[in-house]
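Report on the structure given below.
The values are calculated or read from the model by the stated rules, or taken from the named source; none is laboratory data. All values reported here derive from a predicted model rather than from experimental measurement. Glycine gets a Cβ as well: all are built from the backbone with ideal geometry, and neighbour counts include every protein chain shown.
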Amino acid sequence: MKKHFEFALVWCVARGLGLLPRGVARLLGAGLGRAVYVLLRRLRRTGLRNLEIAYPSMPLADRERILRGVYRSLGWQLAEFCRMERYSERNTKNWIRYEGLQNFVAAEARGKGVLILTGHLGAWELSSFYHSLMGHPMGMVIRRLDNELLDRFVNRIRCLHGNRVMHKDDFARGLLTAMRAGESVGILMDTNMTPPQGVFVDFFGRQACTASGLARVALKTEASVVPGFLVWEEAEGQYVLHFGEPIEPVVTGDREGDIVALTQQCTGVIESWVRRYPEQWLWIHRRWKTRRAGEMPVY
């Protein structure tokens, strides 16, 4: 009964926002984000703690400003997701554009597959949707939602234009198969992990346990690793889907060492984007939760 109630509530919100003009839906989404910022103190504490770790010399007022921006960004993404069924190439051309698409196209032309390195920055749900809308369907590595009704509802929207979902609990073989077929798969690589799936690398000056699956597959298949982030460009008043230049791994013959090194390279790229757009990253996630044996918890 609880799962059906949750689904009904989400469905009603999604349908309600989806029928509104985009500007109104984004305004309401931002308002909802602001309410969540005020009401959910635990998440707010996590966000401020993370910002303290990343920017130890930053005044509290600036950390709070960044965190309020995060909730605004999340509210906007909610509005966009609720309206995605209505989006087309024609009605998105005035508020989304590509930057560096040639980097993706060149990587795809190699024929060895493309691993799109991304994270919970900007409008990550809209990024893969827009890319498929423009004729570039891709796989997405995601975690199953606990509510299977919501999981099916969300995935149906994600996959309207040819995208496909690859669940984290069973993606290794599927990822290898996709690369060997020359396909593209997006991987969110900025969440806390635990060994052995994760390895410790530097993130904002502190060791963070980070998923190593992308590095393992890239080194095994020689697939291209291309950064891709859809962020809100305030000066332009629109979203821009940025594709960076491919990340070139250094192969030394030390397999585990090479995996850690490439994972560090990818994490460094993510950090550089978060530093450029701190108000758009998911600071409320406990990114440094997993500690090495003997280390004190940070939360």
request  = Consider Ala215 carefully, then state whether it is surrounded by 16 or more Cβ atoms within 10 Å (Cβ to Cβ), more than 24 Å from Pro297 (Cα to Cα) and within 19 Å of the chain's Cα centre (by Cα).
outcome  = yes
In region 115-168, residue farthest from Tyr71 (Cα to Cα) [restricted to those that are of a type in the set (S, T, N, Q) and in contact (Cβ under 8 Å) with a residue 40 or more places away in the chain] = Asn147
request  = Could you run through region 75-97 and say how many residues are among the hydroxyl-bearing types (Ser, Thr, Tyr) and either farther than 19 Å from Gly122 by Cβ or without any contact (Cβ under 8 Å) to a residue 12 or more places away in the chain (or both)?
outcome  = 1
note = In region 249-274, residues that are assigned to a loop (DSSP other than H, G, I, E, B), modelled with pLDDT of 95 or more and out of contact with any helix residue (DSSP H, G or I) (no Cβ under 8 Å at 6 or more places or on another chain) total 1
task = Can you work out which of the residues in region 168-212 that are surrounded by fewer than 19 Cβ atoms within 10 Å (Cβ to Cβ) and small (Gly, Ala, Ser) is nearest to the chain's Cα centre (by Cα)?
result = Gly198
query = How do the pairs read when you match residues in region 275-299 that are closer than 23 Å to Glu64 by Cβ with residues anywhere that are surrounded by fewer than 19 Cβ atoms within 10 Å (Cβ to Cβ) and of a type in the set (Ser, Thr, Tyr), using Cβ under 6 Å and keeping only pairs 6 or more apart or on different chains?
reply = Arg286/Tyr299
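Of everything in region 256-281, what is of a type in the set (A, V, I, L, M, F, W, C) and in contact with a Leu (Cβ under 8 Å, 6 or more places away or on another chain)? Give them in sequence order.
Passing the criteria: Ile259, Leu262, Cys266, Val269, Ile270, Trp273, Val274, Trp281.
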